[in-house]
Amino acid sequence: MANENRSSFTGKLGFVMAAAGSAVGLGNIWRFPYLAAKYGGGIFLLVYIILAITFGFALMTAEIAIGRKTGLSAIGAFRSLNKKYSFIGYLAAIVPVIILPYYSVIGGWVTKYLWAFMTGGMAQAAGDGYFLNFIGASTESVCWFFLFIAVTALIVMCGVNKGIEKVSKVMMPILIILSITIAIYSLFMPGAMAGFWYYITPNFANFSVTTVLAAMGQLFYSMSLAMGIMITYGSYMKKDVNLESSVSQIEFFDTGIAFIAGMMVVPAVFAFSGGDASQINAGPGLMFITLPKVFQTMPFGGFVGGAFFLMVLFAALTSSISLMETVVSIVCDKLKMKRLTACVVVFVVSLLLGIPSALGSNVWSWFKIIGMEFLDFCDFISNSVIMPIVALLTCIFIGYIVKPKIVTEEVELTGPFKRKKLFEVMIKYVAPIFIVLILVTSVMSAFGIFSI
Ligand code: PHE
């Protein structure tokens, strides 16, 4: 099945950096700190870690293993394991097609803020209304989106080794150093320690079933699961690389950076707001409205803010690269297109699909689907609907159709599979139940019946 000519990552480090690069993204930085602050601090962290090493571990292992076993991207991988089930691959393939354009629109915003901080524009960036004016200025937001997605395409065009692996090996270590440095700096702000304790102390009063559901939803998105990314990256993984320990390392990275992002954001916002935890909001408001104001009050704030946006840019780029690579790889495999041609096609289509998101808060604000702006709708339909369905189908497929052996044998190529029993129980029984719960609650919350 595996194709001899397929590119591959040079070794374990290259694979882990690229996969961790995909996992570590905007979700770690703007969503995790907010959820942790909202759902009981330390207790949320604990729940998240337990889920990562059980549920997340099982799903990620399954995806990487079927990618490596078949040597194909999502559609081909499902198809070659069982022809009747190639529809799961098609469904998974839709997700990156939807996410890439709007993720790149947000990547464009990050690039714009980095530029603003680098060129001494912090005071304006921290000013009231700056963000809304910017995303409302139609040509400007489209230009930054274009720049971001063009850089992504250029890296993907350079290939798995010379593009993705090389860039990940440079960007990921810089990202780690920057995030630790900024976190330490932010802890030294007057009043920040209270925020730190708030962040890590378990608060049982804020713990509920919703905590577990919120942690699970976050985990899914954060580990780039259920959209064919890990299948594609797995197909570029060499057979002699230890799959189980690679998954542990990717999880460690992803959870570690999410935790550090919280140490950067929660204490800094606490210090800035005089202990008002409600200022730690989710989404664009935190990163583009609150944080620039926080940086402005810090000594050397222009510098810290610049470093922060550089770090976020790296996180977003390595994620958008994985999204584009997944689509490119499917186009190459399916349509037998040359890589370069496929890159150009995917680039142009994503550009067109991203324009409604880039314009959604301005000239296209009339364009709403179930009451949501185009960008929010894309986010909802991919994360809250299609991804849980794909994950559920993947569990059923592995657990009951092709049987977990397909995965366990692949893992055992390099030695014993230590968490084999855990894997089997998770994929067959626990994960499907969890996933149905995520699906139901996230759809209910989108329609306002339930709040996460
Ligand atoms: N895992 C990324 C994050 O945490 C998000 C992402 C989703 C990246 C989908 C690529 C694809 O932000």
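Whenever a residue of the stretch 17-31 is of a type in the set (Val, Ile, Thr) and open to solvent by less than 10 Å² (accessible area, probe 1.4 Å), it has no partner that is more than 6 Å from the ligand (Cβ to nearest atom) and not in a helix (DSSP H, G or I) lying with C-beta atoms less than 6 angstrom away and at least six residues away or across chains. State whether one or more residues within the stretch 130-143 are closer than 25 Å to residue 260 by Cβ, surrounded by fewer than 23 Cβ atoms within 10 Å (Cβ to Cβ) and over 18 Å from the mean Cα position of the chain (by Cα). Looking through the stretch 130-143, at least one residue is closer than 25 Å to residue 260 by Cβ, surrounded by fewer than 23 Cβ atoms within 10 Å (Cβ to Cβ) and over 18 Å from the mean Cα position of the chain (by Cα).
Any residue at all in the stretch 277-288 that is more than 24 Å from residue 375 (Cβ to Cβ) and in contact with a helix residue (DSSP H, G or I) (Cβ under 8 Å, 6 or more places away or on another chain)? The answer is yes; a qualifying residue exists.
So that you can scan it fast, the table gives a plain yes or no per residue for (1) of a type in the set (A, V, I, L, M, F, W, C); (2) under 24 Å from the mean Cα position of the chain (by Cα); (3) part of a helix (DSSP H, G or I):
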residue	(1), (2), (3)
179	no, yes, yes
189	yes, no, no
216	yes, yes, yes
250	yes, yes, yes
255	no, yes, yes
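Restricted to helices (runs of 4 or more DSSP H) entirely inside the stretch 394-452, those with at least 3 residues that are closer than 29 Å to residue 38 by Cα and of a type in the set (Val, Ile, Thr) are 431-446.
Scoring residue 115 on the criteria (1) in contact with a helix residue (DSSP H, G or I) (Cβ under 9 Å, 6 or more places away or on another chain); (2) more than 16 Å from the ligand (Cβ to nearest atom); (3) touching a residue at least 60 places away in the same chain (Cβ under 8 Å) leaves a single failure, condition (3).
With respect to residue 47, is the statement that it is away from the ligand (no atom under 15 Å from the Cβ), of a type in the set (Val, Ile, Thr) and in a helix (DSSP H, G or I) true? Yes; evaluated as a whole, the condition is true for this residue. The listed residues are 340, 286, and the only one of them that is in a helix (DSSP H, G or I) and closer than 26 Å to residue 36 by Cα turns out to be 286.
Of all residues in the stretch 16-31, those satisfying the criterion of being more than 6 Å from the ligand (Cβ to nearest atom), part of a helix (DSSP H, G or I) and modelled with pLDDT of 95 or more are 16, 17, 18, 19, 20, 21. When each of 94, 66, 53 is tested for being open to solvent by 10 Å² or more (accessible area, probe 1.4 Å) and away from the ligand (no atom under 16 Å from the Cβ), the lone residue that passes is 53. Of all residue pairs spaced 6 or more apart or on separate chains, those with beta-carbon atoms under 7 Å, a first member in the stretch 226-243 that is within 12 Å of residue 59 (Cβ to Cβ) and a second member that is open to solvent by less than 10 Å² (accessible area, probe 1.4 Å) and outside any helix (DSSP H, G or I) are 230/224; 231/73.
The values are calculated or read from the model by the stated rules, or taken from the named source; none is laboratory data. Only a predicted model underlies this, so the values are computations on that prediction, with no experimental measurement involved. So basically every Cβ, Gly included, is an ideal-geometry build from the backbone, and we count neighbours across all protein chains shown. Protein only, heavy atoms only, side chains kept; ligands, DNA and RNA dropped before computing areas. Shrake-Rupley method; radii C 1.70, N 1.55, O 1.52, S 1.80 Å.
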